[in-house]
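The values are calculated or read from the model by the stated rules, or taken from the named source; none is laboratory data. Everything numeric in this text was worked out from a predicted model, so none of it was measured. Cβ coordinates were reconstructed from backbone atoms using ideal geometry, including for glycine residues, and neighbour counts include every protein chain displayed.
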Protein chains: 4
Amino acid sequence: MLEGNRGTGVAARRSATRRVPRQERSRRRVEQILDAASRLVLERGVDALTTRAIAEAADVPVASLYQYFHDKEDILLALVERDRAEMDEQLLADLAGIDELSLPALVETAMRAFTKVYARRPAFVEIWLRGRDNPAIRERGREHSVEIASNLLQFAEAAGLLSHDVPPKIALLAVEVGERVFQLAYAQDLEGDQELVEEGIRMVSGYLAPYSR
Amino acid sequence: MLEGNRGTGVAARRSATRRVPRQERSRRRVEQILDAASRLVLERGVDALTTRAIAEAADVPVASLYQYFHDKEDILLALVERDRAEMDEQLLADLAGIDELSLPALVETAMRAFTKVYARRPAFVEIWLRGRDNPAIRERGREHSVEIASNLLQFAEAAGLLSHDVPPKIALLAVEVGERVFQLAYAQDLEGDQELVEEGIRMVSGYLAPYSR
Amino acid sequence: MLEGNRGTGVAARRSATRRVPRQERSRRRVEQILDAASRLVLERGVDALTTRAIAEAADVPVASLYQYFHDKEDILLALVERDRAEMDEQLLADLAGIDELSLPALVETAMRAFTKVYARRPAFVEIWLRGRDNPAIRERGREHSVEIASNLLQFAEAAGLLSHDVPPKIALLAVEVGERVFQLAYAQDLEGDQELVEEGIRMVSGYLAPYSR
Amino acid sequence: MLEGNRGTGVAARRSATRRVPRQERSRRRVEQILDAASRLVLERGVDALTTRAIAEAADVPVASLYQYFHDKEDILLALVERDRAEMDEQLLADLAGIDELSLPALVETAMRAFTKVYARRPAFVEIWLRGRDNPAIRERGREHSVEIASNLLQFAEAAGLLSHDVPPKIALLAVEVGERVFQLAYAQDLEGDQELVEEGIRMVSGYLAPYSR
DNA sequence: CATGAATGAGGTTTCATTCAT
DNA sequence: AATGAATGAAACCTCATTCAT
């Protein structure tokens, strides 16, 4: 599930031995910026993510942003990438922990994995679900859905859960519908309406049932 | 399913005998502006909807926009309102034409009604589904989904299609999921992937089946 | 004390016998507009005097303003002229009513005459004292002070109140200082601080005393 | 007589060894802008003080104004503050240089101190006396008069020049009348009519005489 | 005469990015 | 590497005035 340094316009070029080596300081600064950006997105929406605002929130000069990122879009993408990676990890870990594999179990596990990440990283909700107006995010979001769908499909096939060939399109539909369920469930507050999540799990499970072996 | 002239800052006030009466000319101009805005949203997204861009596309001075609309948001809302009204009409008409009422038939009819509107008004997809970043649109979009869900629920209850009380939340979830299906189906091209639409109809029907009488 | 139709870009052109003759209707409309403008200036200052605001307040189409006035400045000037005329009348009337003529009595009578007008026409304070930023008003204000100074000087000379020739400049200074006294006295509230007015009368009287016969 | 860096949105932060240090260059630019603004106000009045006009006159991009000032009002206030500070300094210096203290000497010295500043900074006349329409300036102007009146009163009391308690209102009236004298004296040309100034000094002195010890 | 409609000109402010140091 | 300063471009909106009817 790819490693994703796309979006980071900075190359680690390190030089010598210092107390706090360049590379390390740089990494910290990047985190500092991304954290600030994350906070901003969460609090005020994607549109409020101006360079000035990020810089202020991160307590970094505006010009310095361009030391670590190529442009504003780059920051946004890096932000997304960071959360996305965490999402993938969580998904992978939870899938590995399933006791009795079945298609419904797969669906439920995946969806619950996402809710865990949402709980930890509320900015994700904001960006992923509401920030879709931004072309870069929209594009990246679509890609990610495709990836997840593909990965889950592969996983299910490998585990012998499917009765026959399932077109990628179907898997993608399931993933995207799942996302919308989250969108609705997390629209009101950032805790998420768990009842709706349950309904969503039922819907997607039910939809995929015919493909189950 | 209200008529919705909200968002139109122009009032039809006088009439008179003229070749092209004032009122008429005014209406035309409003359409001209909305069409242009619609085109822009479709081509470049909601963020590209600047007053300047609209004015240029509509071949109208920027200042003239403010003859017909109170501010930029007003334009956006009028745009939405126009499509929304058409959607409601189509839905109403098609529901009235159903032969054998049943919950699945209801779902299918409703979803197909929407596809008809999408075909006629592609900008709708863009605004409704992708323009959600804009606070005004987001708010209005949410309202509309609630309305549709509520109307369909009432319709189904009145027709005795439901076995027991269905919480509004469930209906809303179904509507929103339906929207996402369309989003995906219409993502690639504006003709819409009909296969995906069929899948979506199956998914939503299946989901609601337990509530069917 | 001049007649002052300057500023009124409208010519009375009347035509025939009607219930409410043109001329009359026109005059009414002009008053209506001036009253509205007066109100606006009073409430929101000279800068808020936009054509749109005037039109709205007067319940008259914006375009119609141009039937009665040449341009916006014309309205402002007409406004000033109206109050100015009233001021002159009051001054004249009160001067005529003085029992025992003397220079101090003249000063006191004049200043009290102005306070009467201020009480009746609070917009005057706003325009005359605060609206000086507007070049037209500034110019007109200067003219008016010169007129008043000249008239009072003539009056005093005719009444044999002066011991010797008083340069116009001196009279003007006295008038302008008097105005500033009012400015200060009426700065806080529109009722005017009468104590300050008394002080002002004493100051100006004292200043002119050396010229008294 | 505070030092008044209010209105200056720029903070001097660092310094270093450079031919023309940052700080210095910044200060110059601020002066450049204020000088341009001053010129504009003088030539065309406060209303002509648009950001565009200032930028043009200062030969600086409009956007750069916002490097040094928070908004347009900030420029105006900085302008006022600059002149105001100079006025206070002059007043203080001249008061300190009085040989034989007396109330008339105090009045004369103060008024002559102002004429010195007017001679050096003609824009002051424009802003202070004619720009009062602007709310920010009006407010600041009022404050300043109160300050000067209060300071002079204190000074006179400390020097034992007053026979009994003089209400602040009286001092304020004297100061404001003095200002109007200047307004008139400097109305025609910027050299100022010295004869009128003399008259003004006499008037104010005479007015305050009763309070003299 | 009356006026709805139209508009060129201009208003202030913010933005993302680059540059000189 | 770091950053204060600089800025072209663009954002939305309002204004006074004119014109066609």
> What tally of residues in the range A:186-206 results from selecting those that are within 9 Å of chain B (Cβ to nearest Cβ) and of a type in the set (D, E, K, R)?
Replying inline: 4
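Could you identify the single residue in A:Arg84, A:Arg39, A:Arg121, A:Arg130 that is within 14 Å of chain B (Cβ to nearest Cβ), at pLDDT below 90 and either away from DNA strand E (no atom under 13 Å from the Cβ) or out of contact with any strand residue (DSSP E or B) (no Cβ under 7 Å at 6 or more places or on another chain) (or both)? Quick ask: steps written out before the conclusion?
Values: A:Arg84 fails: within 14 Å of chain B (Cβ to nearest Cβ); A:Arg39 fails: within 14 Å of chain B (Cβ to nearest Cβ); A:Arg121 fails: within 14 Å of chain B (Cβ to nearest Cβ).
Going through A:Arg84, A:Arg39, A:Arg121, A:Arg130 in turn, the sole match is A:Arg130.
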> Which condition does B:Leu190 not pass, out of (1) buried (at least 16 other Cβ atoms within 10 Å of the Cβ); (2) among the hydrophobic types (A, V, I, L, M, F, W, C); (3) more than 22 Å from A:Ala209 (Cα to Cα), if it passes all the others?
Replying inline: (1)
> Residues of the range A:152-185 being surrounded by 17 or more Cβ atoms within 10 Å (Cβ to Cβ), assigned to a loop (DSSP other than H, G, I, E, B) and more than 12 Å from chain B (Cβ to nearest Cβ), which ones?
Replying inline: A:Leu161
> Within the group A:Leu196, A:Leu208, A:Leu172, which residue is more than 26 Å from A:Pro122 (Cα to Cα), at pLDDT 90 or above and of a type in the set (A, V, I, L, M)?
Replying inline: A:Leu208
> For the range C:42-81, which residues satisfy the criterion of being of a type outside the set (Gly, Ala, Ser), away from DNA strand E (no atom under 14 Å from the Cβ) and farther than 20 Å from C:Arg27 by Cβ?
Replying inline: C:Leu42, C:Glu43, C:Arg44, C:Val46, C:Leu49, C:Glu73
> Going through the range A:60-76 one residue at a time, which ones are of a type in the set (A, V, I, L, M, F, W, C) and under 12 Å from A:Thr50 (Cβ atoms)?
Replying inline: A:Val62, A:Leu65, A:Ile75, A:Leu76
> Does D:Ala209 count as within 11 Å of chain C (Cβ to nearest Cβ), closer than 18 Å to D:Glu100 by Cα, in contact (Cβ under 8 Å) with a residue 12 or more places away in the chain and part of a helix (DSSP H, G or I)?
Replying inline: yes
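With respect to D:Val107, is the statement that it is closer than 21 Å to D:Met203 by Cα and away from DNA strand F (no atom under 16 Å from the Cβ) true? Steps first, please.
Values: closer than 21 Å to D:Met203 by Cα: yes; away from DNA strand F (no atom under 16 Å from the Cβ): yes.
Yes.
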>> Considering only residues that are touching a helix residue (DSSP H, G or I) at 6+ places or on another chain (Cβ under 8 Å) and either in contact (Cβ under 8 Å) with a residue 60 or more places away in the chain or among the hydroxyl-bearing types (Ser, Thr, Tyr) (or both), which ones fall in the range A:92-111?
In response: A:Leu95, A:Leu103, A:Pro104, A:Val107, A:Glu108, A:Thr109, A:Ala110, A:Met111
> Of everything in the range C:16-30 that's at pLDDT below 75 and in a helix (DSSP H, G or I), which residue is nearest to DNA strand F (Cβ to nearest atom)?
Replying inline: C:Arg22
